[in-house]
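What follows is a short report on a single structure.
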Amino acid sequence: MPPINTDHLKDIENQLAASRTLEKYQFSSCSRTHIGLVRKKNEDALYVDEQEGLWLVADGMGGMKGGDLASAAVVDNLRSFKRLETLSESIKDIEARFRLANIACRVMFEKRVVGSTVAAILNFESIVVFLWTGDSRIYRWRGGSLSLMTTDHNLAQERVRRGELSQDKAQLLSTANILTRAIGVHQNLRVDMDFASLKPDDRYLICTDGLYKELTFSDIAKSLKSQTIELALQELTDEALRKGAKDNLSAVIIEASSI
């Protein structure tokens, strides 16, 4: 893994210091994984730890033997995570655990590529940090508006970047299935990182492509404004299944509330 961008970590620490108020947050979350209607094995995995403020999904590389082992390796390396004294130290610890998962996937089978995407949210006081590699996504529902907080690491994303296609259209291209990054695929792992300050009633959706590729942006927005996060997750899953659910699908929804 290339060295962590220390300037970016300083930006996060500065934002944390600037956003520290008397307002504190608590979280509720729900999660679900489903094999879908076509695949014979569920290669997805997810992890929820509200106490440590860590949530993630991992998608074993579709069609590759051992994809379920790859996503499990990601989760297994995060199970003992505990937030450290500073946000920067906590982020470095998570990335080190991703590095261990990357090594595990590369040695799991001598002559087969075994890999997994990952998208994770880490909470630290009034900040949430997004860490991802591959094409699993993080969305935010805030004040009646849906935003995509991650950028897919696949060939189709380049056309979105150039403004040639919308995200909804790009995710239907065959090149959307060709990942440029994932845990286990390359010797040097690259993980993207971004962050945001929390606001009361923020909702975050972390999901694998098996869910969002069956849905449009408006489908996701419609469900995330549901009365409860449990109902929102049920609606998203039901709609993906109704549309055929060609891949495994996994999702975590997190809601922040002030206390």
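The values are calculated or read from the model by the stated rules, or taken from the named source; none is laboratory data. Since the structure is predicted, the reported quantities are computational estimates derived from the model, not experimental observations. FYI the Cβ positions are ideal-geometry reconstructions off the backbone, even for glycines, and counts take in every protein chain you see. Heavy atoms of the whole protein, side chains included, go into the accessibility calculation; ligands, DNA and RNA do not. Shrake-Rupley method; radii C 1.70, N 1.55, O 1.52, S 1.80 Å.
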Could you state how much accessible area T228 has, in square angstrom rounded to the nearest 10, with a 1.4 Å probe and all protein chains kept in place? 60
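Enumerate by residue number the trypsin sites (Lys or Arg not before Pro) in region 52-106 meeting two conditions: DSSP loop (anything except H, G, I, E, B), and at most 16 other Cβ atoms within 10 Å of the site's Cβ.
Values: sites: K65, R79, K82, R83, K92, R97, R99, R106; in loops: K65, R79, K82, R83.
Here the trypsin sites (Lys or Arg not before Pro) that fit, given the DSSP loop and packing criteria, are K65, R79, K82.
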Ranked order, S223, S257, S174 - accessible area, probe 1.4 Å, largest first: S174, S257, S223
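Assign unit charges at the C-beta atoms only (+1 for Lys and Arg, -1 for Asp and Glu), then state the dipole size of region 114-258 relative to its Cα centre in Debye, rounded to the nearest 20.
For region 114-258, the charge dipole is close to 320 debye.
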With unit charges on the beta carbon (Lys/Arg positive, Asp/Glu negative), name the residue among N5, S126, L16 whose Cα is farthest towards the positive pole of the charge dipole of region 1-130. N5
Only four residue types carry charge here, +1 at the Cβ of Lys and Arg and -1 at the Cβ of Asp and Glu. Report the dipole size of the chain about the Cα centre in Debye, rounded to the nearest 20. 660
Counting alpha carbon pairs within less than 8 Å and at least 6 residues apart, what relative contact order, in whole percent, applies to region 104-259? 25
Test of understanding: what is the full-extension gain from T151 to T6, defined as 0.36 nm times their sequence separation minus their Cα-Cα distance? 50.1 nm
Matching label for the computed mean projected area of the Cα convex hull in nm², out of (1) 13.3; (2) 12.4; (3) 14.4, is (1)
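For region 190-242, just say rounded, prolate or oblate: build the C-alpha gyration tensor, square-root its eigenvalues into a ≥ b ≥ c, call rounded for a/c under 1.5, and beyond that prolate if a/b exceeds b/c, oblate if not.
Note, shape of region 190-242 comes out oblate.
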Residue (of I35, G60, V48) at the positive-pole extreme of region 22-64, dipole from beta-carbon charges: I35
Take the alpha carbon atoms of region 219-239, find their center, do the same for region 134-202, and report the distance between the two centers in whole angstrom. 20
By the C-alpha gyration tensor axes a ≥ b ≥ c (rounded if a/c is under 1.5, else prolate when a/b exceeds b/c, else oblate), the shape of region 140-187 is oblate
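What's the local net charge at H8, with K and R +1, D and E -1, over the other residues with C-beta under 15 Å away?
In short, -4.
Quick one: order V128, V107 from most to least accessible surface, probe 1.4 Å.
Ranking V128, V107 by accessible area, largest first, yields V107, V128.
Defining a contact as two alpha carbons under 8 Å apart and six or more residues distant in sequence, what relative contact order in percent does region 1-140 show?
Relative contact order of region 1-140: 25 percent.
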Taking the full set of protein chains and a 1.4 angstrom probe, give the accessible area of I103 in square angstrom, rounded to the nearest 10. 90
